[in-house]
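Below: the structure, in structure tokens.
The values are calculated or read from the model by the stated rules, or taken from the named source; none is laboratory data. All figures in this text were calculated on a predicted structure; none of them were measured in a lab. Cβ placement follows ideal geometry from the backbone for every residue including glycine, while neighbour counts extend to all protein chains displayed.
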Amino acid sequence: MKIICTICARKGSKGIKNKNLLKIKNNLNLIDYTLKQALKVKEINKILVSSDIKNLKTIKNKKIFYLNRPRKLSGDKIGKLDVIRHAVKFSEEHFKINFGYIIDLDVTSPLRTINDIKKAIQIFKKKKSNNLITFCKSRKNPYFNMIERKKNKFKLIKNVKKIFLRRQDAPKAYEMNASIYIWKKKFLFSSNSLFSNKTIGYEMPYERSIDIDSLSDYKIVKKLISKK
């Protein structure tokens, strides 16, 4: 099965201006840093960068194609699955290759390692699943300290019959880290959900799972990457 890697990066961001172009290491921005990671994974046959940002062709390689994303897929209300499906359709026509697997690397979660990507692919192929997500242990637990507010009243997000007085006694909770996604093409094009009874996960430690959503996240991630 041939593998296409999608890297999706639209311009603009409500949290941080031009977030995807932030420099992260050795003068590389987040997009180029992710591209460098993808190029080091030999299992990946082709890479497609889908973006509405101009002049992104900084890394030239026969594996890479830079796609100007259409306006209808460029707004902040557009779901990422639609963008990925568009990228896959274009890639198959452009490269004349039928891709069986799709892997998406999120540019704002750059702390993953090359080994994380390779292991995720290896597990996905072995388990013969519909799709794979990456996750880490949650620092907040919906059974213990995650709450919601309704009309100035507070309650746990998770309804429980038993009250847990210590976080350690509550059921384990995990969070998706938005780092690596893998799909079988058939599932990607037949479902708008990230989950099915054949969804599997690859666990990563928290220190490789930080998603850049604020300036403080960016400073932390940049510091951690500089220490690699």
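Please find, among K14, K40, K62, the residue that is surrounded by fewer than 19 Cβ atoms within 10 Å (Cβ to Cβ), free of Cβ contacts under 8 Å to residues at least 40 places away in the same chain, assigned by TED's automatic domain parsing to the domain that holds G100 and not hydroxyl-bearing (S, T, Y). Steps first, please.
Numbers: K14 fails: free of Cβ contacts under 8 Å to residues at least 40 places away in the same chain; K40 fails: free of Cβ contacts under 8 Å to residues at least 40 places away in the same chain.
Unique residue meeting the criteria: K62.
Only one residue in R139, R149 is in a loop (DSSP other than H, G, I, E, B) and exposed (fewer than 13 other Cβ atoms within 10 Å of the Cβ), so which one is that? Show your work before the answer.
Numbers: R149 fails: in a loop (DSSP other than H, G, I, E, B).
Every option except R139 fails the conditions.
If only one of K155, K118 is basic (K, R), outside any loop (DSSP other than H, G, I, E, B), out of contact with any Phe, Trp or Tyr (no Cβ under 6 Å at 6 or more places or on another chain) and outside the structural domain of K36 (by TED's automatic domain parsing), which one is it?
K155 is the lone residue from the list that is basic (K, R), outside any loop (DSSP other than H, G, I, E, B), out of contact with any Phe, Trp or Tyr (no Cβ under 6 Å at 6 or more places or on another chain) and outside the structural domain of K36 (by TED's automatic domain parsing).
I'd like the full set of residues that are farther than 21 Å from T34 by Cα and in a helix (DSSP H, G or I), limited to the range 124-136.
Answer for the range 124-136, where residues must be farther than 21 Å from T34 by Cα and in a helix (DSSP H, G or I): K125, K126, K127.
One residue is enough: does the range 197-219 have a residue meeting the conditions of a type outside the set (S, T, N, Q), within 29 Å of L28 (Cβ to Cβ) and without any contact (Cβ under 8 Å) to a residue 24 or more places away in the chain?
Taking the range 197-219 and keeping what is of a type outside the set (S, T, N, Q), we get 198, 200-208, 210-213, 215, 217-219.
Next, only the ones that are within 29 Å of L28 (Cβ to Cβ) stay: 201-208, 210-213, 215, 217-219.
If we keep only those that are without any contact (Cβ under 8 Å) to a residue 24 or more places away in the chain too, we end up with 217, 219.
There is at least one residue in the range 197-219 that is of a type outside the set (S, T, N, Q), within 29 Å of L28 (Cβ to Cβ) and without any contact (Cβ under 8 Å) to a residue 24 or more places away in the chain.
Scan the range 3-19 and tell me whether some residue there is of a type in the set (S, T, Y), at pLDDT 95 or above and either touching a His at 6+ places or on another chain (Cβ under 6 Å) or part of a strand (DSSP E or B) (or both).
Of all residues in the range 3-19, those of a type in the set (S, T, Y) come to 6, 13.
Okay, now just the ones that are also at pLDDT 95 or above, so 6.
With either touching a His at 6+ places or on another chain (Cβ under 6 Å) or part of a strand (DSSP E or B) (or both) added as a condition, the list becomes 6.
Yes, there is a match, as at least one residue in the range 3-19 is of a type in the set (S, T, Y), at pLDDT 95 or above and either touching a His at 6+ places or on another chain (Cβ under 6 Å) or part of a strand (DSSP E or B) (or both).
Among the residues of the range 198-212, write down those that are closer than 21 Å to A9 by Cβ and either surrounded by fewer than 16 Cβ atoms within 10 Å (Cβ to Cβ) or among the β-branched types (V, I, T) (or both).
Answer for the range 198-212, where residues must be closer than 21 Å to A9 by Cβ and either surrounded by fewer than 16 Cβ atoms within 10 Å (Cβ to Cβ) or among the β-branched types (V, I, T) (or both): I210, I212.
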